[in-house]
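Contents: one structure, followed by commentary.
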Ligand SMILES: Cc1cc2nc3c(=O)[nH]c(=O)nc-3n(C[C@H](O)[C@H](O)[C@H](O)COP(=O)(O)OP(=O)(O)OC[C@H]3O[C@@H](n4cnc5c(N)ncnc54)[C@H](O)[C@@H]3O)c2cc1C
C-alpha cells in the first residue's frame with residue numbers, strides 16, 4: 001500500500017513535486033511568452049510556516065492515531081484547487097485543522113467521531129485531499145476542527161469473483177486498488193484524472209466521474225452497497241445487483257460529500273480487464289460540425305469507451321494540432337469482443353457528418369492487450385491529460401482553472417454561445433489579451449454532452465483570488481442561467497454552494513436538511529458543504 005508522504009504545496013506526493021531547477025526552467029519559458037522576467041517563488045519549507053496553536057486536547061486513549069503534528073495539520077489544510085495550492089506556495093496556512101485522525105479500524109473511527117461529537121468539534125472526512133471545490137477545508141468561524149483521514153483503512157477485504165464484486169475500504173488509493181485487482185484479472189475501471197492521489201471513499205462521497213466518456217464511468221454505476229458511520233450510528237445497505245425497494249439508500253450516500261457520515265467501506269462491482277482495443281482521432285474544420293458528429297455517434301448507442309471532443313483551441317493546446325481543427329477521439333475496448341467493427345462504424349458516422357481521418361490512422365488491437373491510443377494527436381492529448389502538473393506553474397501569476405457542466409443537446413449550441421460570450425467578456429476584462437477559453441466534452445450522453453471549459457491568462461501577482469472570483473462568478477452565473485448544472489463531476493463543496501442552491505428544488509433542500517438533522521444532530525460533519 002502507498003505510504004509515500006503527500007506534498008503540502010502541490011498535487012500528489014513529495015515524489016511528484018518538481019524541483020527548483022524544473023520550476024526555474026518553466027518560469028524562463030513562461031517569462032519569454034509574457035515578455036518580462038518572472039522568477040518562481042521558492043518552494044516553501046515546513047519549518048518556515050507559522051501555524052496557529054491547536055485548540056484541542058487529544059485524549060490519551062486516542063493519541064495512537066490522532067495527532068496535532070505540524071506537518072500533518074499543514075498537509076490537511078487544503079484540497080487541490082489552484083488557489084489553495086497558491087496559498088500553500090506562499091506559506092499561508094491560516095486555518096488548519098486542530099488535529100488529524102488516522103483511524104486504522106472501524107473501532108478507532110467510531111471513537112474518533114464519538115470524541116468529536118462529545119466535544120462539538122467539527123469533523124472533516126478526508127480521502128486523498130484532491131477536492132477542487134473547497135470540500136476538505138476547515139470552515140471559518142469554527143471553534144475546533146478534526147480532519148479524519150481514511151488512509152489507515154486502505155485494504156481490499158474480500159473479492160467475490162462469481163458476482164464480480166470486491167469489498168474495499170474507503171481510504172484505498174486508486175493505484176493501490178488496481179495493483180490489487182490486476183493479478184486477479186480484474187479492474188474497477190474508474191479512472192478520474194486525479195486517480196493516482198484520490199480514494200474510493202472520496203470518489204463515492206463526490207460522485208466522481210471516470211475518464212471513460214460513455215456508459216459506465218461514474219462511481220455511482222459501480223457501487224453495490226456502502227457502509228457509513230454517522231453520528232447517529234452505522235448505515236449499511238444490502239448487497240444487491242438491483243432493487244426496486246423504494247428510494248435507494250445508496251443514492252443518499254453517493255454524493256453526500258462528508259456531510260452525512262464517514263464511508264468506511266463499500267462493495268464495488270468489478271470487471272475483467274480489457275484486451276481488445278481500437279482508437280481513432282477524427283478531425284473537423286468547424287466546431288458545430290464536430291459536436292453534431294459527436295451527437296450522432298453517441299446516439300447510435302455504440303458505447304465507445306472514449307468519445308472525447310476537443311474544440312480547436314483545446315486541440316491546439318493539448319493535442320499538438322494547429323488550433324484550426326477540432327478533434328474527436330474515439331476509443332473502444334472490451335475484455336472479450338473484438339472492437340474493429342465498432343470503431344469503423346463510429347468513424348463512418350463521424351465521416352458522414354463531416355469528419356476526416358485516413359483509414360491507416362484507425363488503430364485496432366487483436367486481443368493481445370496492445371494499447372492503441374499512443375502517438376499522434378490522440379497520444380499527445382493523453383500525455384497532457386495524464387501529465388498534468390500544478391507544481392510547475394504555481395506562484396508564477398498564471399491563472400488557470402476549469403468549470404464543468406452538462407446540458408441537453410437541444411440547448412447545447414445556445415448554451416455554448418452564452419457561456420463563451422459571458423465568460424469571454426469577464427476574462428477579457430480581468431485578464432486582458434492573455435486570456436484563453438477552450439472546451440472539451442469529457443462525457444457524452446445520448447441526451448446531451450458534459451462540456452468542460454478551461455480558462456487561463458496572466459493574472460496580477462497578489463490579486464489572483466479577486467481576479468479568479470470575478471471570472472468564476474461569471475462562469476457559474478452563465479452556466480445556471482443557460483440551463484446547465486453547476487457541476488457534472490467536480491462536486492459542490494463550499495465553492496459551488498450558491499449555484500447548487502439555485503439549481504435544486506427548495507423542498508429537496510429542506511428534506512436533505514431533515515436527513516442531516518437526524519443523522520448528525522450537532523451538525524459537526526463538514527458544515528457548509530451541500531447544506532448549512
Ligand atoms: C488534477 C485533478 C483532476 C481531477 N479530475 C477529476 C476527474 O476526472 N473526475 C472527478 O470526478 N473529479 C476529479 N477531480 C476532483 C477530485 O479528485 C474528486 O472529487 C475525487 O473524487 C476526490 O477524492 P479524494 O479521495 O481526493 O477526496 P477528498 O478530496 O479527500 O474529499 C472530497 C470530499 O469527499 C469527502 N470524503 C472523502 N472521503 C470520504 C469518506 N470516506 N466518507 C465520507 N466523505 C468523504 C470529503 O469530506 C470532501 O467533501 C480532480 C481533482 C484534481 C486535483
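Report, by residue number, each residue of region 440-455 that is surrounded by fewer than 20 Cβ atoms within 10 Å (Cβ to Cβ) and assigned to a strand (DSSP E or B). Quick ask: steps written out before the conclusion?
Taking region 440-455 first, the residues surrounded by fewer than 20 Cβ atoms within 10 Å (Cβ to Cβ) are 445-447, 454.
445, 454 - these are the residues of region 440-455 that are surrounded by fewer than 20 Cβ atoms within 10 Å (Cβ to Cβ) and assigned to a strand (DSSP E or B).
Need the failing condition index for residue 458 against (1) modelled with pLDDT of 95 or more; (2) crowded, with 18+ Cβ neighbours inside 10 Å, just the number.
Here residue 458 clears every test but (1).
Can you run down the residue pairs with Cβ atoms below 7 Å, 6 or more apart or on separate chains, where the first is in region 258-281 and closer than 20 Å to residue 379 by Cβ and outside the structural domain of residue 364 (by TED's automatic domain parsing) and the partner is near the ligand (Cβ under 8 Å from one of its atoms) and modelled with pLDDT of 95 or more?
Close Cβ pairs (under 7 Å, with a partner that is near the ligand (Cβ under 8 Å from one of its atoms) and modelled with pLDDT of 95 or more) do not exist here.
Restricting attention to region 335-353, does a residue exist that is buried (at least 16 other Cβ atoms within 10 Å of the Cβ), within 23 Å of residue 454 (Cβ to Cβ) and either over 22 Å from the mean Cα position of the chain (by Cα) or at pLDDT 95 or above (or both)?
There is no residue in region 335-353 that is buried (at least 16 other Cβ atoms within 10 Å of the Cβ), within 23 Å of residue 454 (Cβ to Cβ) and either over 22 Å from the mean Cα position of the chain (by Cα) or at pLDDT 95 or above (or both).
Out of 511, 474, I need the residue that is assigned to a helix (DSSP H, G or I), more than 30 Å from residue 191 (Cβ to Cβ) and within 22 Å of the chain's Cα centre (by Cα). Which one?
Details: 511 fails: within 22 Å of the chain's Cα centre (by Cα).
Answer to the selection: 474.
Could you list, in sequence order, the residues of region 231-253 that are within 22 Å of residue 149 (Cβ to Cβ) and within 22 Å of the chain's Cα centre (by Cα)?
Passing the criteria: only 253.
Spot the failing condition for residue 228; the list is (1) more than 8 Å from the ligand (Cβ to nearest atom); (2) under 26 Å from residue 99 (Cβ atoms); (3) over 21 Å from the mean Cα position of the chain (by Cα), and only one is missed.
It is condition (1) that residue 228 fails.
Using the structure shown, decide if residue 426 is in contact with a helix residue (DSSP H, G or I) (Cβ under 7 Å, 6 or more places away or on another chain) and free of Cβ contacts under 8 Å to residues at least 40 places away in the same chain. Lay out the reasoning, then the answer.
Values: in contact with a helix residue (DSSP H, G or I) (Cβ under 7 Å, 6 or more places away or on another chain): yes; free of Cβ contacts under 8 Å to residues at least 40 places away in the same chain: no.
No: the conditions fail for residue 426.
Working only within region 123-143, note down all residues that are away from the ligand (no atom under 11 Å from the Cβ) and under 18 Å from residue 205 (Cα atoms).
First, the residues of region 123-143 that are away from the ligand (no atom under 11 Å from the Cβ): 138-143.
Passing the criteria: only 138.
State yes or no: is residue 49 within 25 Å of residue 468 (Cβ to Cβ) and more than 27 Å from the chain's Cα centre (by Cα)? Walk me through how you get there before you give the answer.
Numbers: within 25 Å of residue 468 (Cβ to Cβ): yes; more than 27 Å from the chain's Cα centre (by Cα): yes.
Judged against the criteria, residue 49 is a match.
Applying the selection to region 499-508, what residues are surrounded by fewer than 14 Cβ atoms within 10 Å (Cβ to Cβ), farther than 17 Å from residue 247 by Cα and within 26 Å of the chain's Cα centre (by Cα)?
From region 499-508, those surrounded by fewer than 14 Cβ atoms within 10 Å (Cβ to Cβ) are 502, 505-508; that's our starting set.
This time we only want the ones that are farther than 17 Å from residue 247 by Cα, so: 502, 505-506.
Result: 502, 505.
Are any residues in region 238-260 within 27 Å of residue 532 (Cβ to Cβ) and more than 9 Å from the ligand (Cβ to nearest atom), and if so, which ones? Full working, then the answer.
Step one: filter region 238-260 for residues within 27 Å of residue 532 (Cβ to Cβ), giving 247-260.
Of everything in region 238-260, those that are within 27 Å of residue 532 (Cβ to Cβ) and more than 9 Å from the ligand (Cβ to nearest atom) turn out to be 247, 248, 249, 250, 251, 252, 254, 255.
Can you confirm whether residue 190 is surrounded by fewer than 18 Cβ atoms within 10 Å (Cβ to Cβ), more than 8 Å from the ligand (Cβ to nearest atom) and over 17 Å from residue 126 (Cβ atoms)?
Details: surrounded by fewer than 18 Cβ atoms within 10 Å (Cβ to Cβ): no; more than 8 Å from the ligand (Cβ to nearest atom): yes; over 17 Å from residue 126 (Cβ atoms): yes.
For residue 190, the condition - surrounded by fewer than 18 Cβ atoms within 10 Å (Cβ to Cβ), more than 8 Å from the ligand (Cβ to nearest atom) and over 17 Å from residue 126 (Cβ atoms) - is not met.
What do you reckon, is residue 139 surrounded by fewer than 16 Cβ atoms within 10 Å (Cβ to Cβ) and within 26 Å of residue 487 (Cβ to Cβ)?
Numbers: surrounded by fewer than 16 Cβ atoms within 10 Å (Cβ to Cβ): yes; within 26 Å of residue 487 (Cβ to Cβ): yes.
Considered against the rule, which asks whether it is surrounded by fewer than 16 Cβ atoms within 10 Å (Cβ to Cβ) and within 26 Å of residue 487 (Cβ to Cβ), residue 139 comes out as yes.
If residue 90 meets every condition in (1) over 25 Å from residue 403 (Cα atoms); (2) in contact (Cβ under 8 Å) with a residue 24 or more places away in the chain; (3) more than 10 Å from the ligand (Cβ to nearest atom) apart from one, which number is that one?
Result: residue 90 fails condition (1) only.
When you scan region 148-155, do you find a residue that is more than 12 Å from the ligand (Cβ to nearest atom) and either crowded, with 17+ Cβ neighbours inside 10 Å or closer than 14 Å to residue 265 by Cβ (or both), even just one?
Filtering region 148-155 for residues more than 12 Å from the ligand (Cβ to nearest atom) gives 155.
Retained after the next criterion (residues that are either crowded, with 17+ Cβ neighbours inside 10 Å or closer than 14 Å to residue 265 by Cβ (or both)): 155.
Scanning region 148-155, I find at least one residue that is more than 12 Å from the ligand (Cβ to nearest atom) and either crowded, with 17+ Cβ neighbours inside 10 Å or closer than 14 Å to residue 265 by Cβ (or both), so the answer is yes.
Anything in region 360-385 that is closer than 30 Å to residue 485 by Cα and free of Cβ contacts under 8 Å to residues at least 12 places away in the same chain? List them, or say none.
Those that are closer than 30 Å to residue 485 by Cα and free of Cβ contacts under 8 Å to residues at least 12 places away in the same chain: 382, 383.
Just the residues that are part of a loop (DSSP other than H, G, I, E, B) and touching a strand residue (DSSP E or B) at 6+ places or on another chain (Cβ under 6 Å), please, taken from region 261-280. Full working, then the answer.
Step one: list which residues in region 261-280 are part of a loop (DSSP other than H, G, I, E, B), which gives 261, 270, 273-275.
Answer for region 261-280, where residues must be part of a loop (DSSP other than H, G, I, E, B) and touching a strand residue (DSSP E or B) at 6+ places or on another chain (Cβ under 6 Å): 261, 270, 273, 274.
Kindly state which strands (runs of 3 or more DSSP E) lie completely within region 119-202 and contain at least 1 residues that are out of contact with any helix residue (DSSP H, G or I) (no Cβ under 7 Å at 6 or more places or on another chain) and more than 30 Å from residue 9 (Cβ to Cβ). Please lay out each step first, then the result.
Numbers: elements: 122-126, 145-149, 156-160, 165-169.
Those strands (runs of 3 or more DSSP E) span 156-160, 165-169.
The values are calculated or read from the model by the stated rules, or taken from the named source; none is laboratory data. Remember, predicted model here, so these are calculated numbers, not experimental data. Cβ atoms come from the backbone with ideal geometry, glycine included; neighbour counts cover every protein chain shown.
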